[in-house]
Amino acid sequence: MSQALTDLLSEIAACRVCEKALNHEPRPVVQAGESARIVVIGQAPGSKVHASGRPWDDESGDRLRDWTGMTREVFYDPAWVAHMPSGFCYPGKASGGDKPPRPECAPLWHARLLARLPQVRIMLLVGQYAQKLYLPRGFAPNMTEAVRRWHDAPTGVFPLPHPAWRSRLWMAMHPWFEDQVLPDLRRRISDALAG
């Protein structure tokens, strides 16, 4: 890993920009390596990920890995996969789930981190927060329609629903996701890792 990326990851790990807005110690969660072919952008770490410090280290991560067809070894290898959430720290609980990602992170860190990842072939936009950051304005009126239009997304960008437990209900209501989207996702992941 280059010194520039090592320094940037250390700077992110030491970030305390949102400290006053949190009810707990900040713990930025990120993974990256210069040779990464895939970037996963989700919303923000949940409480389990905050505790472990490992991206997607929960049931949602199990489901996401299943969707992509990646093994745990590949998914957690920064030489292949970078993890850059919309908000790097666990935002805390709200009624009905976690709070939204902190708004400071993406403008502060995303461009700088992506500039250090020259081999990226595909960016997975997992959930509405990542899609709002990286899909063109007006691309789709909501997350479901963004995912339904996955084939119209900009080159190298793939919108996905968030793989929380509720996604099972969502998938049952939208069988095209499993029938059409997931096979294409797995093909593109395989191509990105191969070339």
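On average, how much accessible surface per residue is there in the chain, in Å², for a 1.4 Å probe, leaving out ligands, DNA and RNA?
Result: 49 Å² per residue.
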Read phi for every residue in segment 91-105 and hand back ³J(HN,Hα) as whole Hz from Karplus 6.51 cos²θ - 1.76 cosθ + 1.60, θ = phi - 60°, with x for Gly and Pro.
x, x, 8, 10, 5, x, x, 7, 5, x, x, 4, x, 6, 5
Within segment 109-123: backbone nitrogen closer than 17 Å to the Leu193 label point (7 Å, Cα to C-beta)
120-123
Contour minus Cα-Cα distance for Gln180 and Lys132 (0.36 nm per residue):
15.0 nm
Scattering from the C-alpha atoms of the chain alone, worked out with Debye: what is log10 I(q)/I(0) at q = 0.11 1/Å?
-0.46
On the full set of protein chains, 1.4 Å probe, figure out the accessible area of Thr71 and give it in Å² to the nearest 10.
70 Å²
Leaving ligands, DNA and RNA out of it, work out the accessible area of Leu169 with a 1.4 Å probe and give it in Å² to the nearest 10.
110 Å²
So, with points 7 Å from each Cα along the Cβ direction, the Ser52-Ala79 label distance in nm works out to 2.2 nm
Could you sort Arg137, Arg16, Arg37 by their accessible area in this structure, using a 1.4 Å probe and putting the largest first?
Arg137, Arg16, Arg37
GNM, the chain, Cα, under 10 Å: largest mean-square fluctuation among Ala79, Ala51, Ala153?
Ala51
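The values are calculated or read from the model by the stated rules, or taken from the named source; none is laboratory data. Model, not experiment: these values are computed from the prediction. Cβ sites come from the backbone with ideal geometry, for glycine too, and all protein chains shown count toward neighbours. When the accessible area is computed, the model is the full protein with side chains, heavy atoms only, and any ligands, DNA or RNA have been set aside. Shrake-Rupley method; radii C 1.70, N 1.55, O 1.52, S 1.80 Å.
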